[in-house]
Amino acid sequence: METILAATVAIFFAVSIYLILSKHIIRILLGVAIFSNAVNLTIFTAGRVVREVPPIIPVELDTPDRLTANPLPQALILTAIVISFSIFAFLLVLAFRAYQELGTDDTDGMRVAEPEGEDLPPLGY
Amino acid sequence: MAIEPGHAVDLSGAMVLAPTTPADWLVVGPVAIPIVTGAILLMARHETRLHASLAVVGLLATLLCNIGLLARVLDQGPLVMTMGRWLPPFGISFAADALGASLALVATLVAVVCAFFATADIGAVGRRYGFYPFMMLMMAGVGGSFLTGDIFNLYVWFEVFLISSFGLLVLGSQHRQLDGATKYAILNLVGTTLFLTATALLYGTFGTLNMADIARKADGVRESAPLTTLAVLYLLAFGMKAAAFPVNFWLPASYHTPRIVTAALFGGVLTKVGIYALLRTLVMLFPPELELLSGLIAWIAAATMVIGIMGALAQTDLRRVLGFVVISGVGVMLAGLALGTSEGLAGTVFYAFHSMIVMTALYLLAGVMNGLGGSYSLSKLSGLYATNPLVAAFALLLILAAAGLPPASGLWPKVMLVRASLDSGQPWLAFAILATGLLTTLALGRVFILAIWRPRVAAGPKVPASPLLGYVALTALSLPVVVMGLYPDPIIAVAERAADAILNAPAYIGTVFPEGAAQ
């Protein structure tokens, strides 16, 4: 199971890095979304995979009586999902606004903040 | 808690049963107060006239709490509180040591001044769009990053201040802001996601996220675990946050686009959180790996400081000059990390204090100069000495500070770092620090010559903005600059305590796990 998950994580990372290297914001954003899912799967796999044993301690015991699934990675992933989802939503709106205002989603064309061929500072007076 | 009668559970192995003392709340205050203030400001979002005063009051309360926390930490050693009264490592620990508490104090000081200055810089529209709530939530994230003792919690605080900083950055929705914010947001998100990747692998290796727990278990797994990989991933992720060369290009693309007070807050505070996280992870958790990487970090440090300041030499826009000066300061701080010695790290910490205050002051000064001269461009800004000699005085002091010349605060951390480099047998790093000082003098000296000494070449605004508020803010920031420059002993002592706090991991572990027994 870990091998399959590890291979999936590898594919996710490869796809996301390929997309992030693109020039177009929308492809970069898709890459970022896959990137955060790749990390979520990494957390899940790193927390060890145990099948179908809920982490519930029987009433009369103080500790679980057998190996149970690890609940912590799921808490971590939930946190990470909430964060990455909200930031992704923000980025989508930002990218759309930038596309509306700047008329391009090509990062080579987005040179408003750093214009090309700016004058050098005066060398004397 | 539904415990059936008759089945007594011994909770002493999992929870703190003694009541929490009031002093323990100090460690949560620097985070809780800004969050609560931010929430109140959000609820009062229609009452924008109240925003500035509420934010200043909230930040002053945070500042008091930070002062109390630092005093207690310096007096009695690190202060630990675990949420939900769990025993570490079960709950999320907040652990304030001299490093985190002192940086949180300086960051809050800078934020108070920025909140005050913003009353002039941020108009009713900016307040309506939530400048102050974003600022308070950002400071909560920064405070949480400095004080948490849990590495996943550190990631959460990073995201808290990151998303608040997005809000601050696009406030105004000008074209250049959207452009800058897009680059800032995407590259920073990639950086923090890398941080999360490293944390996932770290959790897979250690099975714990409590930093003290990781530090004490590291020696046991070093033979079999990929700790060097983790250290490199953290170096890359936090290097991106700190704007270290060659992953610093988001900073000059964005820091000159927002309102000047936002730029001041970012330039002062945010990159230092990256430096702090590098110190915390590499020095405290992975010292042998840091030793392995120190040659690489030394090159990164030298490249960051020299290339950063050469970027500043090529800029016409004053704010872009300052953006590159921020980067070169990051390089100087990384030099201490590369050395890894007590004196080098103390130099880094002192430089972080100095850089937070001076960079914020320089950005605010740029705002004042723009208000008087009507431009940020060095080809138009001129003649300020004739009209406002006080601006010239502030500019001279802050330029001396940034360049590391007496009598200002930049001198002593550079002295410490240069001496530490020479002691470690790396004279070239000392040379890079000194050369950066010379180039900073040139880059900012030219700003002084053109903007202040040069006779007026272009008409300024018909009614120059009143610089009174700016003078007050600059005075508040210049005082610590002069005091740290003339009387550095107490600051050096704090910086040395901070360096010892991360170098001496057993003491930190002992505070989090008092008996050293809980597994």
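Values computed for the structure shown
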| read-out | value |
| --- | --- |
| Scope the stretch B:88-102; condition out of contact with any strand residue (DSSP E or B) (no Cβ under 6 Å at 6 or more places or on another chain) and over 16 Å from B:I33 (Cα atoms); matching residues | B:F90, B:D97, B:A98, B:L99, B:G100, B:S102 |
| Subset of the stretch B:208-255 that is touching an Asp or Glu at 6+ places or on another chain (Cβ under 7 Å) and of a type in the set (S, T, N, Q) - its residue that is farthest from A:R111 (Cα to Cα) | B:N210 |
| Some residue of the stretch A:14-32 being under 22 Å from B:I151 (Cβ atoms), out of contact with any Ser or Thr (no Cβ under 9 Å at 6 or more places or on another chain) and either surrounded by 12 or more Cβ atoms within 10 Å (Cβ to Cβ) or not basic (K, R) (or both) | no |
| Enumerated helices (runs of 4 or more DSSP H) restricted to the stretch B:251-363, each holding at least 1 residues that are more than 25 Å from B:T199 (Cα to Cα) and away from chain A (no Cβ under 14 Å) | B:260-265, B:287-313, B:318-339 |
| Residue in the stretch A:99-113 that is in a helix (DSSP H, G or I) and under 18 Å from the mean Cα position of the chain (by Cα) present | no |
| Residue ID - farthest from B:T348 (Cα to Cα), chosen from residues in the stretch B:72-107 that are of a type outside the set (A, V, I, L, M) and in contact with a Gly (Cβ under 7 Å, 6 or more places away or on another chain) | B:G84 |
| Failed item, numbered, when B:R72 is tested on (1) at pLDDT 90 or above; (2) more than 24 Å from the chain's Cα centre (by Cα); (3) of a type in the set (K, R) | (2) |
| Residue in the stretch B:302-314 that is farther than 18 Å from B:G347 by Cα, free of Cβ contacts under 8 Å to residues at least 12 places away in the same chain and more than 20 Å from the chain's Cα centre (by Cα) present | yes |
| Of the criteria (1) without any contact (Cβ under 8 Å) to a residue 12 or more places away in the chain; (2) buried (at least 22 other Cβ atoms within 10 Å of the Cβ); (3) out of contact with any Ser or Thr (no Cβ under 8 Å at 6 or more places or on another chain), which one B:S173 fails | (2) |
| In the stretch A:54-73, residue nearest to B:L196 (Cα to Cα) [restricted to those that are within 12 Å of another protein chain (Cβ to nearest Cβ) and of a type outside the set (A, V, I, L, M, F, W, C)] | A:P73 |
| Filter pass, B:S382 being within 14 Å of another protein chain (Cβ to nearest Cβ) and either outside any helix (DSSP H, G or I) or surrounded by 24 or more Cβ atoms within 10 Å (Cβ to Cβ) (or both) | yes |
| The stretch B:197-206, residues that are more than 16 Å from A:N70 (Cα to Cα) and within 9 Å of chain A (Cβ to nearest Cβ) | B:T197, B:T199 |
| Test: residue in the stretch B:110-121 that is within 14 Å of another protein chain (Cβ to nearest Cβ) and over 22 Å from B:S355 (Cβ atoms) | no |
| Top-ranked residue in the stretch A:33-48 [being in a helix (DSSP H, G or I) and within 7 Å of another protein chain (Cβ to nearest Cβ); ranked as nearest to B:F152 (Cα to Cα)] | A:I43 |
| Of residues in the stretch A:88-108 being of a type in the set (G, A, S) and surrounded by 13 or more Cβ atoms within 10 Å (Cβ to Cβ), the one farthest from the other protein chains (Cβ to nearest Cβ) | A:A95 |
| Failed item in (1) surrounded by 13 or more Cβ atoms within 10 Å (Cβ to Cβ); (2) of a type outside the set (G, A, S); (3) more than 11 Å from every other protein chain (Cβ to nearest Cβ), with A:R51 passing the rest | (1) |
| Flag if B:V160 is under 27 Å from A:P71 (Cβ atoms) and not charged (D, E, K, R) | yes |
| Some residue of the stretch B:13-30 being assigned to a helix (DSSP H, G or I), aliphatic (A, V, I, L, M) and buried (at least 19 other Cβ atoms within 10 Å of the Cβ) | yes |
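One line per residue, one yes/no per condition, for (1) in a strand (DSSP E or B); (2) out of contact with any strand residue (DSSP E or B) (no Cβ under 7 Å at 6 or more places or on another chain); (3) over 19 Å from B:T21 (Cβ atoms); (4) among the hydrophobic types (A, V, I, L, M, F, W, C):
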site: B:V80; (1), (2), (3), (4): yes, no, no, yes
site: B:A104; (1), (2), (3), (4): no, yes, yes, yes
site: B:V110; (1), (2), (3), (4): no, yes, yes, yes
site: B:Y132; (1), (2), (3), (4): no, yes, yes, no
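For every residue, the table says whether it meets (1) at pLDDT 95 or above; (2) out of contact with any Pro (no Cβ under 7 Å at 6 or more places or on another chain); (3) surrounded by 24 or more Cβ atoms within 10 Å (Cβ to Cβ); (4) more than 19 Å from B:R49 (Cα to Cα).
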site: B:A107; (1), (2), (3), (4): yes, yes, yes, yes
site: B:T119; (1), (2), (3), (4): no, yes, no, no
site: B:V125; (1), (2), (3), (4): no, yes, no, no
site: B:R128; (1), (2), (3), (4): no, yes, no, no
site: B:V142; (1), (2), (3), (4): yes, yes, yes, yes
site: B:W157; (1), (2), (3), (4): yes, yes, no, yes
site: B:A181; (1), (2), (3), (4): no, yes, yes, yes
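Residue-wise test of (1) more than 21 Å from the chain's Cα centre (by Cα); (2) crowded, with 18+ Cβ neighbours inside 10 Å.
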{"residue": "B:T360", "(1), (2)": "no, yes"}
{"residue": "B:M369", "(1), (2)": "yes, yes"}
{"residue": "B:L372", "(1), (2)": "yes, yes"}
{"residue": "B:L378", "(1), (2)": "yes, yes"}
{"residue": "B:D423", "(1), (2)": "yes, no"}
{"residue": "B:R446", "(1), (2)": "yes, yes"}
{"residue": "B:P455", "(1), (2)": "yes, no"}
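Let's see how each residue does on (1) charged (D, E, K, R); (2) more than 9 Å from every other protein chain (Cβ to nearest Cβ):
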site: B:G172; (1), (2): no, yes
site: B:H175; (1), (2): no, no
site: B:D179; (1), (2): yes, no
site: B:I186; (1), (2): no, no
site: B:T208; (1), (2): no, yes
site: B:T228; (1), (2): no, yes
site: B:A231; (1), (2): no, yes
site: B:L235; (1), (2): no, yes
site: B:A242; (1), (2): no, yes
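Let's see how each residue does on (1) in contact (Cβ under 8 Å) with a residue 60 or more places away in the chain; (2) surrounded by 22 or more Cβ atoms within 10 Å (Cβ to Cβ); (3) closer than 30 Å to A:V93 by Cβ; (4) among the aromatic types (F, W, Y):
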residue: B:L154; (1), (2), (3), (4): yes, yes, yes, no
residue: B:S164; (1), (2), (3), (4): no, yes, yes, no
residue: B:L169; (1), (2), (3), (4): yes, yes, yes, no
residue: B:Y184; (1), (2), (3), (4): yes, yes, yes, yes
residue: B:L194; (1), (2), (3), (4): no, no, yes, no
residue: B:L209; (1), (2), (3), (4): yes, yes, no, no
residue: B:I214; (1), (2), (3), (4): yes, yes, no, no
residue: B:T229; (1), (2), (3), (4): no, no, no, no
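The values are calculated or read from the model by the stated rules, or taken from the named source; none is laboratory data. Computed from a predicted model, the values in this text were never measured in an experiment. Cβ atoms come from the backbone with ideal geometry, glycine included; neighbour counts cover every protein chain shown.
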